[in-house]
Amino acid sequence: MKKFRLFRTLILSVCVMTVLTACEDDNSGPAPAVPGDNGVYILNEGVFSSNSAGLTYYNFDTEVTTADIFSLSGTELGNTGQDMLAYGSKLYISVHGSSNVTVLDLQTGLLLERIDLFNAGAPRAPRYLASNGGKVYVTAYDGTVSCIDTTDLAVNKTLAIEGAAHLEGIAAANGKLYVANGTTKDWVPDNKLYIVDIATFTKETTLEVGTNPYIVRADAQGDIYFTHQGNFGVDNGGMQRIRTKQNNEVVNVNTGTYLANRNFTIVESDLYFFGVTAEYPIPTNIYLGWFNTLVEKSGAAIVLPIIKDNTKIDIPYGIGVNPATRDVFIANTNYQDDGEVFVFGSNGVKKTIIPVGINANNFVFN
């Protein structure tokens, strides 16, 4: 298996060099931005069941965009790119419709492995990723959490959580995994969040939380923040926090007039989020803000706007923050065509626009 991976990597390297040489001979434009050590990977979810997922790379030094680095080697990412994280020297992408976790070299972007996630031939349909202790954990729509060994690049154990159905966000903190169950097997919005002990890989506790819990992330102090989407058309949901050092008490995060019910990211003690009402097909209201989690823990969050110029976001679909500059990246979509990512400086003023694929949803900076 390792010899096969090495052979495949060498072949992909030759393919990339061939593409680059061809582009250099063509004077019609710049050569593709081969991933390096100062840029951002942008995951394009694509349209479900269309194999239109892709991975854009934007190089900060050259300001050159590669629309899809998979196309450099003549391959495809697959059906529905769901989540992405960097861990060690590798980049992990959960591909929901293709039911695999695709692993790349973080610096070169070369394909290392596709880890299939099936159960007796049935796709597990992976969703979100978390990392801890040399392992990557992935939730799935069959109610399981799989543990991937980052050395062997293979699943070494899978936990079927009793009562779980469509697992969504996951975060690791304090030796535990915090796993959201979005909906039941009948697609009814659920209100369960499970705590899994990492050492024994068993479910430890079930918490009752807001309806339809979604994205889950840990802050620098080990508390868990998560959004809950609510029951569409009935309530809009919001954001909650688990006080992990106070017996896992669940408290509401007061964001005032800002609705925080979709995606978010945390950089050190700052949390950047977006929320929407009446999301499909066009949001009635859009909220984009950030707050300091240390301040929030001592009272209501003091939310500040991310955008301070007149830039309009039609439908936000992903959010990321460059930890080196605190530039905020917001993906704009219409669900079916190639989109764009707006980049805002810490002063709230637009700096640039990056062309991306369909439904850009995640960012990894390197």
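Under a Cβ-only charge scheme (Lys and Arg +1, Asp and Glu -1), can you give me the dipole magnitude of the chain about the Cα centre, in debye to the nearest 20?
Approximately 780 debye in magnitude.
Pick from Ala278, Ala165, Ala122: which is most flexible by mean-square fluctuation in a GNM of the chain where alpha carbon atoms under 10 Å apart are linked? Looking only at Ala278, Ala165, Ala122, the largest GNM fluctuation is found for Ala122.
Debye-formula intensities of region 183-232, expressed as log10 I(q)/I(0) at q = 0.19, 0.26 Å⁻¹, are -0.72, -1.06 (one equal scatterer per alpha-carbon, no solvent).
Here's how it looks for Val321: its modeled amide H is under 5 Å from those of Phe329, which are all 5 or more places away or on a different chain.
When the chain is treated as a Gaussian network with alpha carbon springs shorter than 10 Å, the biggest mean-square fluctuation among Asn310, Asn100, Asn51 belongs to Asn310. Note on region 99-237: Cα Rg divided by 2.2 N^0.38 Å, N the number of residues, gives 1.05.
Averaging the sequence gap over all C-alpha pairs within less than 8 Å and six or more residues apart, then dividing by the number of residues, gives the chain a relative contact order of 11 percent. A simple rule links phi to the HN-Hα coupling: the Karplus curve 6.51 cos²θ - 1.76 cosθ + 1.60 with θ = phi - 60°, which for region 69-84 gives 5, 5, 5, 5, 10, x, 10, 10, 6, x, 9, 6, x, 8, 8, 7 Hz, with x for Gly and Pro. Using the average count of surrounding beta-carbon atoms within 10 Å as a protection proxy, the listed peptides 322-333, 238-249, 260-271 rank, highest first, as 260-271, 322-333, 238-249.
Between Asp186, Asp338, Asp219, the residue with the greatest mean-square fluctuation in the GNM of the chain (Cα pairs under 10 Å linked by springs) is Asp186. Close amide-amide hydrogen proximity is noted between Ser98 and Asn79, each under 5 Å apart and 5 or more residues distant or on a separate chain (H modeled in the peptide plane; Pro and chain starts excluded). Taking a ≥ b ≥ c as the square roots of the Cα gyration tensor eigenvalues, with a/c under 1.5 meaning rounded and otherwise prolate when a/b beats b/c, else oblate, which class fits the chain? Oblate, since a/c reaches 1.5 and b/c is not below a/b.
Straight distance only, please: which aspartates and glutamates reach the Cα of Lys297 with their own Cα at less than 19 Å, same-chain residues fewer than 8 apart left out? Within the straight-line limit of under 19 Å, Lys297 reaches these aspartates and glutamates: Asp219, Asp223, Glu249, Glu268, Asp270.
If you take the square roots of the eigenvalues of the alpha-carbon gyration tensor of region 268-312 and sort them as a ≥ b ≥ c, do you get rounded (a/c under 1.5), prolate (a/b over b/c) or oblate?
Values: a/c = 2.98, a/b = 1.82, b/c = 1.64.
Prolate, since a/c reaches 1.5 and a/b exceeds b/c.
Assuming a ≥ b ≥ c are the square roots of the Cα gyration tensor eigenvalues, decide whether region 203-329 counts as rounded (a/c under 1.5), prolate (otherwise, with a/b larger than b/c) or oblate. Verdict is oblate for region 203-329.
Database remark: amide H of Val216 closer than 5 angstrom to the amide H of Gly169, Ile170 (H placed geometrically; neighbours at sequence offset of 5 or more, or on other chains; Pro and chain starts carry no H).
No lab work stands behind these numbers, since they all come straight from the coordinates. It should be emphasised that the depicted structure is a prediction, and the values quoted were computed from it without experimental measurement. Neighbour counts run over all protein chains shown; Cβ positions are idealised from the backbone, glycine included.
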